[in-house]
Amino acid sequence: MKYTIEHISQGEEEVILRCHSPSAEMEQLIRYLESRSRKLIGIRDGIRTVVEQPEILYVESVEGKTFAYTESEVFQMEHSLAQMEQLLGAVNFFRCSKSMILNIDRVRELRSLASNRIEATMCNGERIMISRTYASEFRRRLRGGR
C-alpha cells in the first residue's frame, strides 16, 4: 500500500483512503482511527472524568464492576467488560483473560511462562497475566495476524 503525507499550515487534519475495495488492512486502519477519537467517561472519587483510550493500560472486571487503569489512576466505568471491549475496538486492545482487556500499545515486555501463559509487563512496570486460552491469539496478533 502506498501512502502520502501532505503537510498543512492551517485547517482541519484529514485522512483520505483511496482503494478499489476496502481490504482487511484498511478496515483495521479505519478502526484504529475511529478508536483514537472516542472519549470514555470514568468515575474517580465520585467525579465523572474523561478517560483517553491511549492512556488506558488495561480494563478489569472485579465483582461485577468494571475498572480502567492508567499509569497512575483507576476509574470505575459504567460499561460492562464486554461493552468496553466493543467500545475500545480490536486494534490496540486485546482480551487477555475472562476478566481483563489489555492495551497492546502499552506493553513493555513479554515473557513466556509454563502452561502456554504469557506475562506482560506494562509501561508502568505492572505485570499482567495472559491466560493460556488467549495466549496463542495474542502471539498471532503480535505477528500481524487478525
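Worth a mention:
- Relative contact order for the chain, counting Cα pairs under 8 Å that sit 6 or more residues apart, in percent: 14
- Relative pair counts by distance (%), Cα atoms of the stretch 66-146, 10 Å bins: 17, 53, 28, 2
- For the stretch 48-146, the per residue solvent-accessible surface stands at 54 Å², with DNA, RNA and ligands left out and a 1.4 Å probe.
- Taking the Cα centre of the chain as origin and assigning +1 to Lys and Arg Cβ atoms and -1 to Asp and Glu Cβ atoms, the resulting dipole is close to 760 debye.
- In the frame of its principal axes, the stretch 82-127 has Cα extents of 30, 24, 16 Å, reported largest first.
- Extending 7 Å from the Cα toward the beta-carbon at both residue 113 and residue 82 defines two label points whose distance is 2.7 nm.
- Each of 72, 17, 136 was scored by the projection of its Cα onto the charge dipole of the chain, and the greatest displacement toward the positive side belongs to 136; charges sit on the C-beta of Lys, Arg, Asp and Glu.
- The candidate values are (i) 17.1, 54; (ii) 18.0, 61; (iii) 24.6, 90; the one derived from this structure for Rg and Dmax of the Cα atoms in Å carries the label (i).
- Inter-centroid distance (Cα atoms) of the stretch 12-26 relative to the stretch 44-86, Å: 31
- Proximal charge balance of residue 75 [Cβ under 13 Å; K/R count +1, D/E count -1]: -3
- Using just its DSSP H runs of length 4 or more, each adding -39500 (n - 2.57), the chain gives a mean residue ellipticity at 222 nm of -7000 deg cm²/dmol after division by all residues.
- Segment residue 23..residue 55, full-extension length gain: 8.7 nm, with 0.36 nm per residue of separation and the alpha-carbon distance subtracted.
- Rounded percent of accessible protein surface that carbon and sulfur make up, the chain, 1.4 Å probe: 47
- Cross-link partners of residue 39 among lysines (Cα-Cα below 28 Å; sequence separation of 8 or more within a chain): 65, 98
The values are calculated or read from the model by the stated rules, or taken from the named source; none is laboratory data. Fair warning: this is a prediction, and the values are worked out from it, not measured in the lab. Methodologically, a virtual Cβ is constructed for each residue, glycine included, from the backbone with ideal geometry; neighbour enumeration extends over all protein chains shown. In case anyone asks, the SASA skips ligands and DNA or RNA and just uses the protein heavy atoms, side chains included. Shrake-Rupley method; radii C 1.70, N 1.55, O 1.52, S 1.80 Å.
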